[in-house]
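Just so it is clear, none of the values below were taken in a lab; they were calculated from the coordinates. Here the structure is a predicted model, which is why all the values come from computation and not from measurement. FYI the Cβ positions are ideal-geometry reconstructions off the backbone, even for glycines, and counts take in every protein chain you see.
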Amino acid sequence: YQGKRGTADIVVYAGERAAHPTQWLVVQAELRHALERDELVLYYQPKVRLADGVVCGVEALVRWQHPTRGLVPPSDFLPAAEQSGLIEPLTAWVLRRALADQVAWTEAGRDWTVSVNVSVRNLESPGFAAGVAALLAETAVAPSRLTLEITETAVVDDMASALQALRALAEIGVGISVDDFGTGYTSLGRLRGVPLTEIKIDRSFVDPVLSQPQNQAIVRAVIALAHGLGCRVTAEGVETGDVAAWVMAAGCDEAQGYLYSKPVPWTQVPMMEAIR
Ligand code: C2E
Ligand code: MG
Ligand code: MG
Ligand code: MG
């Protein structure tokens, strides 16, 4: 499999496990290097409260600033990180960075929650919840200013230890969000017992909501479900004003998408304050 970015030397950043084992090892080795050399960067995408258009939070989205390949998107290296165990130091790095940035925004007077995507591998790892609690204490970030996003597909694996970690984190006040809702395999029975604070409706339902009436029924049902569970509901992938108006009228609390902003580097984040 030839890497998308065209260099002939190494192959790798396939979304799936590379077919050839040596190629697989190359990704792992490079990723380990990336962590050591501090080549990962966080971009942030704002979350907008629909009622007043004010930014209420930001989501951290990791990228790899590769010395020769440029900015590598997470879909090209997260699968390798998850399958190799490197997701643990990667998530630790993301959390530390995001909480440090959260401290800076708080000092600048911005009342934002920071959302961090975590893998089920993290939740299953013993000591994860304690590690997050320790980082919060160390950085003096209020736990309610951190939300962990879990992709619905990820919630499937080994629920027992993951649930235990989620409950421990919720108990100290960390927000728990189900990402990409509607695309995974999670049954409602599995969600029961997870102390959720937010459900994010996947953009595959949101984006075509005006052109495909079936999506309207799905989005309305998810909003009702989320509110019934006492969660906020966020529409992902809002790209047009018409879609924003529709999801707001349907009862969505928050929205995210290119309409408001693409994910941007940290240096551009302060400009997000008055987005509308
Ligand atoms: P996600 O958490 O669902 O994040 C939303 C993705 O959709 C982001 O892609 C974002 O750039 C993109 N997006 C946002 N608004 C729009 C829009 O209006 N239109 C379109 N077409 N796309 C939009 P990105 O940054 O490439 O991230 C992809 C996925 O990688 C994320 O999906 C998340 O599951 C994962 N990810 C990103 N950063 C991390 C991380 O630090 N840790 C872990 N475990 N996963 C991460
Ligand atoms: Mg997310
Ligand atoms: Mg998502
Ligand atoms: Mg999504």
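Remarks
- Charge dipole of segment 111-266 (Cα centre as origin; +1 on each Lys and Arg Cβ, -1 on each Asp and Glu Cβ, all else neutral): 240 debye, rounded to the nearest 20.
- Put a plus charge on the Cβ of each Lys and Arg, a minus charge on the Cβ of each Asp and Glu, and nothing anywhere else: the dipole of segment 30-145 about its Cα centre is then about 140 debye.
- Taking each residue as 0.36 nm, the span from Thr183 to Leu35 lengthens on full extension beyond its C-alpha to C-alpha distance by 50.2 nm.
- On a per residue basis, the convex hull of the C-alpha atoms belonging to segment 22-98 measures out at 99 Å³.
- Here, segment 156-264 is characterised by an Rg to Rh ratio of 1.00, where Rg is the alpha-carbon radius of gyration and Rh the Kirkwood radius.
- Computed extension gain for Ser144 through Lys262, at 0.36 nm per residue and net of the alpha carbon distance, reaches 40.0 nm.
- The phi torsions of segment 30-42, fed into the Karplus equation with coefficients 6.51, -1.76 and 1.60 and a -60° offset, translate into couplings of 5, 5, 4, 4, 4, 5, 5, 8, 6, 8, 7, 9, 9 Hz, rounded to whole numbers, with Gly and Pro shown as x.
- On the basis of the beta-carbon distance and an R0 of 41 Å, Ser161 and Val54 show a calculated FRET efficiency of 0.65.
- Overall form of segment 67-108 per C-alpha gyration tensor (a/c, 1.5; a/b vs b/c): oblate
- Cα-based shape type of segment 64-209, given that a ≥ b ≥ c are square roots of the gyration tensor eigenvalues and the cut on a/c is 1.5: rounded
- Anisotropy class of segment 50-150 from Cα gyration tensor, a/c 1.5 cut: oblate
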